[in-house]
Amino acid sequence: MEDEDGYMSIDPARRDVYLSPSGDTKDLSPNLCRWKIGLGVSLAGVAILIVVLIVASLSAFQGPGSSQMDMYPVLFPSRLCGSKDSSVLQSLYQLPRYNSCTSSEASCAAVPSEICLEIPKSPLSAMANQTAIIPIKIQVPNPDWHFIEVLWHRTKGTQQDFILKYDLRSCSAKSKPQLWWKRECHLFVEVMPAYRWRASVMMNAWLIIWNAEVKHSGRYQVTVKSNDVNEACSFVELKVTEDTKDIRMDGQNQSLTQP
């Protein structure tokens, strides 16, 4: 409304009248409420998924038979712990062995070490498509060791094929059992990508090869390191064969397959 001079004028009668907003204005509160509900549901779903994955991982690590780990200690999978009467594992414990501290045939270290490794005297044999186990025995002279590191390689001519590393670190000073691998420590196992789902290690450092193939035949090297002593090193020969007739138990070859 304009006055005589062309300026806008306001009707005094309508000056205090409240004008409601136009009908095009939308109420955003329902959309905001739905957005908050969707975000809450999404966060709850993520939390549930994380919990499920953690529980599944712990169950897979422990597995059935994990209470038997004191008998035949295995890091993973624990089903190999199986039975106290396992003939295969018992026979591996009883194999005649060389001692790297007393026999030059059992040591590949450039400098003598106070760590003693015991390895089978005869080459080991395994059947294809079964589990091969390479046993060793480690004797650490110092009961107050701070760490033990075990490295497994497969030698190929002048090259070494690294398989895995097994560490015991941050050990309890009060824990000094007779068996070194029963000490209370933090355990670390690092398996190379080429051997994932193929190789593992027991808590006593025995090497495990799942579904062994003929190509896994050869010389395996174990190296053990600890604090304040020279590293120890030794070789073990493994033969994997398709023909069961080639696996002899006459003292020349020792079978080490796990059915």
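The values are calculated or read from the model by the stated rules, or taken from the named source; none is laboratory data. Worth saying up front: this structure is predicted, and the values here are computed from it rather than measured. Positions of Cβ are generated from backbone atoms using ideal geometry, with glycine treated the same way; all protein chains shown enter the neighbour counts.
Table for the structure above
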{"read-out": "Count - residues of region 99-119 that are touching a helix residue (DSSP H, G or I) at 6+ places or on another chain (Cβ under 8 Å) and buried (at least 18 other Cβ atoms within 10 Å of the Cβ)", "value": "4"}
{"read-out": "Residue check, Ser113 under 28 Å from Trp210 (Cα atoms) and not in a strand (DSSP E or B)", "value": "no"}
{"read-out": "Filter result (closer than 22 Å to Trp152 by Cα, exposed (fewer than 14 other Cβ atoms within 10 Å of the Cβ) and modelled with pLDDT under 85) within region 169-195", "value": "Leu179"}
{"read-out": "Per-region count, region 89-103, residues among the small types (Gly, Ala, Ser) and out of contact with any strand residue (DSSP E or B) (no Cβ under 9 Å at 6 or more places or on another chain)", "value": "1"}
{"read-out": "Single match in Val214, Val224 (criterion: surrounded by 15 or more Cβ atoms within 10 Å (Cβ to Cβ) and of a type in the set (A, V, I, L, M, F, W, C))", "value": "Val224"}
{"read-out": "Hey, Thr158 modelled with pLDDT under 90, over 25 Å from the mean Cα position of the chain (by Cα) and polar (S, T, N, Q) or not", "value": "yes"}
{"read-out": "Scope region 133-174; condition of a type in the set (Ser, Thr, Tyr) and farther than 20 Å from Val229 by Cβ; matching residues", "value": "Thr155, Thr158, Ser172"}
{"read-out": "Filter result (among the hydrophobic types (A, V, I, L, M, F, W, C) and touching an Asp or Glu at 6+ places or on another chain (Cβ under 7 Å)) within region 116-146", "value": "Leu124, Ala128, Ile136"}
{"read-out": "Residue in region 142-152 that is in contact with a Cys (Cβ under 9 Å, 6 or more places away or on another chain), part of a strand (DSSP E or B) and over 15 Å from Met192 (Cβ atoms) present", "value": "yes"}
{"read-out": "Residue match in region 162-173 (condition: within 26 Å of Ala106 (Cβ to Cβ) and assigned to a loop (DSSP other than H, G, I, E, B))", "value": "no"}
